[in-house]
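A short write-up of the structure that comes next.
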Amino acid sequence: MATQLRINGKDVEVTAPPDTPLLWVLRDEIGLTGTKFGCGVASCGACTVHVDGEPTRSCVLPVEAVAGAEITTIDAVNGTVAEAVQKAWRELDVVQCGYCQSGQIMSAIGLLSQNPSPTDQDIDDAMSGNACRCATYHRIRAAIHRAADTLEG
Amino acid sequence: MTLSTTLQTSRRSFLKGSAALAGATLVVGYRADGALAAADTAADLNPFVRIEPDGTVVAIVKHFEMGQGTTTGLTTLIAEELDADWARVVPEFAPANSEIYGNLFFGGQGTGGSTAMANSFMQYRQAAAGARAVLMQAAAEAWGVSPGEVTIEGGVLKAGGKSAHFGEFAAAAAALPVPAEAPVKSPEQFRLIGKDGLPRKDSSAKTDGTAIFAMDVKLPGMVYAVVLTPPKFGGLLTGFDASGASEVPGFLDARPLADNSGLAVYATGTWAAIQAREAISAEWDFSGAETRSTDALMAYHEGLLDEPQYVVRGDEGVAEAIGGAARTIEAEFRFPFLAHASMEPLNCVVEPTEGGVRFHDGCQFPGIVQPTIGHLLGVDPAKVEVVTVYAGGSFGRRATPKADYHVQAALAFQAWGGDAPVKMVWTREDDMRGGYYRPMAAHRARIGLDADGRIAGWDHRLAVKSILKGSPFEAMIENGVDATSVEGIGDTHYALPAMSVGLTDAEYGVPVLWWRSVGHTHTAYTMETLMDMAAEAAGADPVEFRLGYLPGDDADQRRLAGVLKLAAEKAGWGSAPEGRFQGVAVHKSFNTYVAEVVEISLADGAVKVEKVTCAVDCGIAVNPDVIRAQMEGGIGYGLGAVMRNTITLTDGEVDQWNFPDYEPLRMSDMPDIEVHIVASDEAPTGVGEPGVPPVGPALANAIYAATGTRVTTLPMTESGVSFA
Ligand code: FES
Ligand code: FES
């Protein structure tokens, strides 16, 4: 029943049943706990990872569906966009409890990778699937704009 | 060392031990007799600050971090008095020990009521001032100068051309007596308090996935458990069939909890446990359960308004004043149950120890968990250790006087045999349906205005379930009145000539709890909507009308008037752009004064919340940016709830299951927010909750200004308001 995955640039063989959501394989089996469980039904975004660069909700994604795909998690995400986003997040002290923030950051990196200078409407569209119960939205928006400015140079 | 040596602290001590080759540590804290003392270990004093041999300053944080900024705030106090380098000061969560780390406002160790900064402000500064004094003394002795010649800047001690970091004098300082009156700074000497530019201590770990929450804890040999609980509050397990679960890979067993409050389902992973539970059926005894629907419960609350049980305020002549009034206003308000719905579903890990247990938890009330679990498991409460990790939100939910989820986890741990770590996880559905809601409430008010449009009499009644009754905090109830039911009305600071406030405790079987700003969640809404109605009846401007009842007779009225004027000025009150409508509210809660102006627009009849301008007076603003963040977050949290959140019951069963039907505020709903902090020399007061109460009524008042509709039943969507 082993499934071959490629996570954060490494090949990993996992033994969970193939219909197990990627989220639980990452968290419980591999020990990559940066990706969070918030709802389990694709409605909060806490579990967002990149699958071939696309922000994806890992809580409803069976591992068998991503065998062979490039999976990136918050624990290892890197590159200029990721650096700009994390730097902006820190400069503006976006976080409160922090539990949603891995997912927010993965979604924001996904957005800026596709669209280097998003409008407020673009941000609403890309980020509305990521809930933050601490309501840090105001700063998330500002941080995305700031990261976009950094990337523009 | 205290009995509560934690895994984390013992690991740290190990590291410290290796570093100790290069020098010793300095620990400063309070002795049992309350005096400040210094030592090289925490053996016989209660440490609040520790200096490592390399000069790192460790602030021992007695409160937990749910996002409110305590790990930054208490650390600021230590850094300030030591004139430390901010980059070299690190927070460390204190172990569970109410004697040492109790909340000075309520005794046991715990966080709540927006008290973390307020109760710690002098305690932490004095401890750090003590550390500063012995470090300077040690340096002076070594350098042969007088202590008055030694200065500290950016964590460096200096005198007569010599300089050293704190660690170099830690050992010598540890041997010195701490002066009884080590002076703390006066406000004009502050270099960090009140200043921007101190990055949050938890920002970095929370932006790269390394911050550890209880959900992330994994121990060797750990078993995962989810609990199948009765679909109605108060139901009891009478039987179950787990045969279907045997097919689920990873399923281990299903065992009843000792009190039959549920069935623990064990597995080798979280997903397997969740899957196994789906395959299990159970039978319940509902004879002691709450089986009413929320419609029936609300009708029951409304019936309770006719004859109030308790007199909260009983001025003379209210009935006469209303009877003889030129105009009267009457209104009824209805508030639903609300779930806290923190982002991290509740969970914790229970681990066996020598003669006790160790919890890994984002623990809000260690002072409750220790005795409760000690009693439940028959162990010495001091042997109930708590490793405090980051909490993924709380909003009051983790501050449970009955330690409900800890008890459930301990029962699951016990049923598994008590010899292996058990991680009990709630799914979002468990969290949504797990009770301990903001209680539903009904209010009725009659207000009489005289011919000049002045309020002559105000009769206010409300019915709500008491949070304190039957809890360990029951002693706080005075003359039958649970202050958390009526705070914000019974003690209103408006100069009202004749007011009566009557309260009736509603009784039902759904557990209720404080929800970010507690009673103020419904009292501010009614008071501030009614003040708007009265202003309208009087033909007065809502801001001017309120100021007329805040004549400045006392500090409360002056500070309320101060924030109200500031918010109005900054929001451009009365000169909203074309197509925008404003509403205002002002309220004091947790000793903090907040006014908010909400500005909305309408598109095809749908409301869009465009902007919220907030003014806050919380005394000395220790970390202005944390205060702004708490106001922003409180505004967002309050907005989402009044707009569309409700927990309803059908025949005692919760109808909502997950975020799709308890829709949180989203990015696209979030208004622009501006926060203005009133400069103040008063002692710091709470900021976690006070941003919440004014936003609901300010929005309601803006909606009235735009549409002529008074929203008195929440959530607003149930009153026919639609949002863009
Ligand atoms: S946990 Fe996956 S979207 Fe909420
Ligand atoms: S920071 Fe707490 S949920 Fe987003």
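Annotation: amide H-H contacts under 5 Å for A:Arg133 (H modelled 1.01 Å from N, sequence separation of 5 or more, or interchain): B:Met343.
Shown here: segment B:222-311, whose C-alpha atoms stretch 58, 23, 23 Å along the first, second and third principal axes, sorted largest to smallest. When the GluC sites (Glu not before Pro) in segment B:452-559 are filtered for DSSP coil states and for at most 14 other beta-carbon atoms within 10 Å of their beta-carbon, the remaining sites are B:Glu507.
Could you state, as a whole-number percent, how many of the C-alpha pairs of segment B:441-536 are farther apart than 15 Å? Numbers along the way, then the final one.
Working: 2814 of 4560 pairs.
Tail of P(r) above 15 Å: 62 percent of Cα pairs.
Checking the cross-link filter: which lysines have an alpha carbon closer than 27 Å to that of B:Lys565, excluding same-chain neighbours under 8 positions apart? Within reach: B:Lys195, B:Lys588, B:Lys608, B:Lys611. Amide H to amide H distances under 5 Å link B:Gly29 with B:Ala37, B:Phe48, where only residues 5 or more positions off or on other chains count and H is placed in the peptide plane. Using a probe of 1.4 Å, the accessible surface attributed to B:Asp452 totals some 130 Å² when neighbouring protein chains are kept in position. Shown in residue order for segment B:143-155 are the 3J(HN,Hα) couplings computed by the Karplus curve 6.51 cos²θ - 1.76 cosθ + 1.60 at θ = phi - 60°: 8, x, 10, 7, x, x, 8, 7, 10, 10, 9, x, x Hz (x for Gly and Pro). For the protein assembly as shown, the Kirkwood hydrodynamic radius from C-alpha pairs, put into Stokes-Einstein at 25 °C and a viscosity of 0.890 mPa s, yields a diffusion coefficient of 86 µm² per second.
Please compute the Kirkwood hydrodynamic radius over segment A:3-72, one decimal place, Å, based on all pairs of different Cα atoms. Working shown, then result.
Numbers: mean 1/r = 0.0859 Å⁻¹.
Averaging 1/r across every pair of different Cα atoms and inverting gives 11.6 Å.
For segment B:202-353, the percent of C-alpha pairs falling in each 10 Å distance bin, counted from 0 to the bin holding the largest distance, reads 8, 22, 23, 17, 14, 9, 6, 1.
P(r) tail, chain B: Cα-Cα pairs separated by more than 40 Å, 37% of all pairs. Each residue of segment B:121-130 was assigned a 3J(HN,Hα) from its phi angle through the Karplus curve 6.51 cos²θ - 1.76 cosθ + 1.60 (θ = phi - 60°); the sequence is 3, 7, 4, 6, 5, 5, 4, 5, 5, x Hz, with glycine and proline shown as x. Over segment B:267-316, the hull volume per residue, using the convex hull of the C-alpha atoms, is 198 Å³.
Accessible area per residue (1.4 Å probe, heavy atoms of protein chains only) ranks B:Phe395, B:Phe105 as B:Phe105, B:Phe395, with the largest value leading.
The accessible-area loss of segment B:337-359 on complex formation, taken against its chain alone with a 1.4 Å probe, reaches 30 Å² or more at B:Met343. As an exercise, identify the GluC sites (Glu not before Pro) in segment B:661-724 lying in DSSP coil whose Cβ has no more than 12 other Cβ atoms within 10 Å. Hits after loop and neighbour filter: nothing returned. The share of alpha-carbon pairs in segment A:80-152 lying farther apart than 18 Å comes to 25%. The accessible area of B:Tyr494, taken with all protein chains in place and a 1.4 Å probe, comes to roughly 20 Å². Karplus-based coupling profile of segment B:517-527, in residue order and whole Hz: 5, 6, x, 4, 4, 10, 6, 5, 4, 5, 4, with θ = phi - 60° in 6.51 cos²θ - 1.76 cosθ + 1.60 and x standing for Gly or Pro. Partner shielding of B:657-668 amounts to 6, given as the average count of beta-carbon atoms from other chains within 10 Å of each residue beta-carbon.
Neighbouring Cβ atoms from other chains, within 10 Å of the Cβ of residues in B:623-631, number 2 on average. When only alpha carbons of segment B:11-190 are considered, Rg and Dmax amount to 15.6, 49 Å. Amide hydrogen proximity for B:Glu682: with H placed 1.01 Å from N in the peptide plane, the residues at 5 or more positions away or on another chain lying under 5 Å are B:Ile620.
Computed over segment B:610-724, the convex hull of the alpha-carbon atoms projects to a mean area of 8.8 nm².
Which residues of segment A:117-133 show a drop of at least 50 Å² in accessible area when all protein chains are present, compared with their chain alone (probe radius 1.4 Å, heavy atoms only, ligands and nucleic acids excluded)? Residues meeting the cut-off: A:Ser128, A:Arg133. Relative to its residue count, segment B:287-349 spans a Cα convex hull of 222 Å³ per residue.
Per the Debye formula on identical point scatterers at the alpha carbon atoms of chain A, with no solvent, log10 I(q)/I(0) at q = 0.15 Å⁻¹ is -0.72.
Using a 1.4 angstrom probe on the protein heavy atoms only, line up B:Thr207, B:Thr151 by accessible area, largest first.
Numbers: B:Thr207 0, B:Thr151 70 Å².
Ranked from most to least accessible, the order is B:Thr151, B:Thr207.
For segment B:161-243, the equivalent ellipsoid built from the Cα gyration tensor has semi-axes of 53, 20, 19 Å, listed from largest to smallest.
Over the C-alpha trace of segment B:287-439, radius of gyration and Dmax come out as 22.2, 74 angstrom.
Given the pairs A:Lys10/B:Lys423; B:Lys218/B:Lys402; B:Lys62/B:Lys206; A:Lys36/B:Lys423, which span a C-alpha to C-alpha distance of over 22 angstrom in this model? Walk me through the numbers on the way to the answer.
Numbers: A:Lys10/B:Lys423 29 Å; B:Lys218/B:Lys402 26 Å; B:Lys62/B:Lys206 20 Å; A:Lys36/B:Lys423 16 Å.
Result: A:Lys10/B:Lys423; B:Lys218/B:Lys402 exceed 22 Å.
The values are calculated or read from the model by the stated rules, or taken from the named source; none is laboratory data. Computed from a predicted structure; not experimentally measured. Glycine gets a Cβ as well: all are built from the backbone with ideal geometry, and neighbour counts include every protein chain shown. Accessible surface is based on the protein model in full, side chains and every heavy atom, while ligands, DNA and RNA are left aside. Shrake-Rupley method; radii C 1.70, N 1.55, O 1.52, S 1.80 Å.
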